[in-house]
1. Could you order His351, His598 so the one with the most accessible surface comes first? Probe is 1.4 Å.
2. Debye sum, Cα scatterers, the range 564-721, no solvent: what log₁₀ I/I(0) at q = 0.14, 0.16, 0.21 1/Å?
3. Relative contact order for the range 641-754: what is it in percent, counting Cα pairs under 8 Å that are at least 6 residues apart?
4. For Glu456 and Glu192, what does the FRET efficiency come to when R0 = 41 Å and r is the distance between their Cβ atoms, rounded to the nearest 0.05?
5. Counting alpha carbon pairs within less than 8 Å and at least 6 residues apart, what relative contact order, in whole percent, applies to the chain?
6. Report the dimensions of the range 84-217 along its three principal axes from the alpha-carbon atoms, largest first, rounded to Å.
7. Solvent-accessible area per residue for the range 313-356 at a 1.4 Å probe radius, Å²?
8. At 37 °C and a viscosity of 0.692 mPa s, what translational diffusion coefficient does Stokes-Einstein give for the chain, taking Rh as the Kirkwood radius over Cα pairs? Give it in µm²/s as a whole number.
Amino acid sequence: MSNTEFPDDELRQEQEFIDGLYARVDVLRGEAEDSVADALAQGDKPMQARLERDILVAERSGLLAALDAVDGSLCFGRIDLTDGTKHHIGRIGLREDDSARTPVLIDWRADVARPFYLATGHTPMGLRRRRHITTEGRTVTSLHDEILDLGDATRTGHEDHDADAVLLAALNSARTGRMGDIVQTIQAEQDEIIRAPHRGVLVVEGGPGTGKTAVALHRAAYLLYEHRELLARRAVLIVGPNPAFLGYIGEVLPSLGETGVLLATVGELFPGVKATAADTPEAAAVKGRADMADALAAAVRDRQALPDPVIAIEHDREVLMLDDGLAGVARERTRAAGLPHNAAREYFEGHILNTLTELYAERVGTDPYDGSSLLDPADITQIRDELAENPEVWDAIDRLWPRITPQRLLADFLAEPDRYLPAADADAVRRPVTRAWTVADVPLLDEAAELLGEDERLARARAERERETQIAYAQGVLDVSYASRTYEFEDKEDDDPDASEVLSAHDIIDAERFAERQEEADHRSAAERAAADRTWAFGHIIVDEAQELSPMAWRLLMRRSPTRSMTLVGDPAQTAEAAGAGSWSDILAPYVEDRWEHTRLGVNYRTPAEIMDLAAAVVRAGNPDFEPPSSVRSTGVRPWVRQAPGDLPGAVAEAVAELTPAEGRLAVIAPRALHRSLAARLDGVTASAEPDLTRTVVLLDPRQAKGLEFDSVLVVEPAAYGTSDLYVALTRATQRLGVLHTGQLPPGLAASDG
């Protein structure tokens with residue numbers, strides 16, 4: 001019988017296929033869990049076996065994480081070719097078994113899967129049919145078939161003439177407080193960007209709701225698939241605007257089987273420092289300017305001091321006078337080496353020791369009659385070695401060329417910035433040394449670290465001290481073992497003359513080798529190691545809301561991408577930070593000149609046309625030429641703009657009750673100064689710097705809302721925002737928007753009951 005007579009037979013066949021996939025997944029998971037357990041149980045193997053075990057654990061643990069992440073919706077589509085071949089498409093690729101050459105499930109990133117996203121009736125790319133498979137957990141709930149070969153009369157009963165039905169269903173679904181992947185609904189223009197070449201800088205520009213963030217995340221997944229060996233070793237960095245945003249997108253890449261990506265804000269990119277304080281807009285703007293690099297360089301040079309006017313050093317009953325002329329020569333010769341400050345100190349020490357050696361040798365080793373030297377090279381070397389043991393010499397060196405940490409340099413700079421900045425700028429950034437770090441401080445700390453460098457001798461000395469401690473501990477363990485065995489053998493020797501011939505640990509291993517065997521292998525992923533290493537060079541960097549970053553932040557990121565392999569995502573119309581660079585050319589010209597690609601996403605998938613019209617009117621009030629992205633859908637529900645009575649928190653509570661969806665999420669976007677009073681009137685809502693986006697109602701300011709989306713949005717006191725912030729706030733909703741105000745409305749925002 002035909003499938004036309006029994007359309008549900010297609011559902012049955014797909015369910016059987018899905019069941020088979022999950023049976024394979026369960027086998028893989030069981031094998032992975034068993035191999036990890038077995039490997040961890042083999043802790044007494046020689047060192048080589050232990051290293052092999054560590055590699056195995058890392059690989060199997062990574063497999064477990066990927067399988068767990070994609071378990072909910074492993075397969076989402078099928079393509080039927082005109083030659084009769086059928087390929088199922090999923091979030092990861094799976095084979096029937098390890099020996100199978102052809103996957104039973106094609107990874108969405110594979111070339112053979114690309115027609116699933118690009119084929120049309122006009123250009124079918126060899127396809128007869130495209131099928132979207134909807135699942136809940138492991139259960140197939142519906143099928144959606146698109147006929148691409150109109151000459152094929154076979155029908156399944158699941159055809160739908162609306163080619164956008166799956167996309168629109170995804171757009172209209174309730175939000176969860178976490179971004180979902182778009183792997184089932186990637187559009188052709190998005191696919192081109194996702195699969196663009198790995199090398200070079202790609203700028204993806206797009207207005208609100210164009211999916212640029214989702215495209216960037218899927219691009220990261222694609223690059224990790226296409227360039228696995230390189231990027232798994234060097235890692236991919238994704239930079240977001242704030243912690244709430246990173247939490248919002250945090251499940252996308254794991255759902256695509258990728259767990260080895262580092263997500264961070266700029267404020268988290270200096271190991272050991274977490275930015276917890278906030279700058280004024282004026283301070284952030286000053287700190288973000290490129291000329292701060294010159295100001296910090298000047299501060300470092302000022303730490304390379306000269307005697308004022310002389311430093312007296314007593315050595316072996318002689319007083320050596322180190323004046324600014326002698327020290328100045330040492331300073332200039334050291335600077336000529338072109339090394340960072342701390343790394344150059346070794347050279348300065350050498351020049352000072354040589355200078356003092358010459359002074360002392362001239363004082364005690366010169367013939368008073370003819371002025372000739374009475375000292376041979378061995379005498380000179382001995383004098384230098386003795387001076388190197390004189391604490392007064394090292395006190396002088398510390399005064400003239402001190403070791404400095406980035407934190408100390410920046411704290412001192414911000415405490416007294418007048419010497420390096422104009423008066424108004426100095427007043428903006430000046431602060432007590434004890435204050436916590438801000439996001440704008442982190443690029444300055446990174447710049448300071450570059451200028452200062454590290455004295456490698458100290459690092460080697462620390463490593464050697466740690467090694468000596470480990471060896472001493474190992475020796476103690478062996479000594480205890482030896483003493484215990486000796487006592488045992490002495491006790492038994494009378495009964496068993498051969499007991500003393502039994503080997504102990506002391507007989508087969510020394511403390512140094514024992515310490516080496518106890519060293520823990522580095523189990524961390526490349527992303528985890530990169531997070532702890534300021535000098536790490538990433539294989540690829542993706543920056544979301546890139547228009548907001550300051551020139552100093554770009555210096556930090558470019559140091560982490562020496563190959564300039566980057567994807568920058570943003571929208572200049574949404575620039576809100578005073579330190580934002582302003583244009584792509586301004587950002588990139590200092591690093592790659594004009595060698596970068598630019599593409600623009602022009603379709604708004606998130607924001608209904610009714611809401612987008614209102615948001616666009618606000619921008620056009622100041623920029624008549626502004627063209628927003630075109631909304632792909634209309635809901636028929638117009639946004640409303642109302643004046644609140646005297647009790648603003650009460651009016652907000654009433655509006656929240658009106659706008660809160662039966663399913664999904666509502667955002668109240670209000671000025672930060674109002675958050676406490678509003679939270680006090682809203683059940684279950686808190687005022688927090690890091691809001692929980694999974695709550696039904698969440699309270700945000702416009703900066704916290706960047707990059708996020710909600711079913712409904714209530715914007716409070718729109719006149720308190722700048723145009724960019726207001727544009728962001730008005731474009732977060734997927735269904736309904738309300739605006740409450742007490743004073744005058746901003747230009748372009750007309751009152752309406754909606």
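1. Values: His351 50, His598 90 Å².
Output order, biggest surface exposure first: His598, His351.
2. Relative scattering, expressed as log10 I(q)/I(0), comes to -0.86, -1.07, -1.48.
3. Values: 202 pairs, mean separation 39.7, N = 114.
Across the range 641-754, relative contact order equals 35 percent.
4. Working: r = 47 Å, r/R0 = 1.14.
Plugging the Cβ-Cβ distance into 1/(1 + (r/R0)^6) gives 0.30.
5. Details: 1253 pairs, mean separation 113.3, N = 754.
The value is 15 percent.
6. Answer, in whole Å and largest first: 43, 39, 34 Å.
7. Details: 2050 Å² over 44 residues.
Per-residue value: 47 Å².
8. Numbers: Rh = 31.2 Å.
The Stokes-Einstein estimate is 105 µm²/s.
The values are calculated or read from the model by the stated rules, or taken from the named source; none is laboratory data. The structure displayed is predicted, hence computed values, not measured ones. Quick reminder, even Gly has a Cβ in these numbers, built from the backbone with ideal geometry, and neighbours come from all protein chains shown. Calculation scope for accessible area: heavy atoms of the full protein, side chains included, ligands and nucleic acids excluded. Shrake-Rupley method; radii C 1.70, N 1.55, O 1.52, S 1.80 Å.
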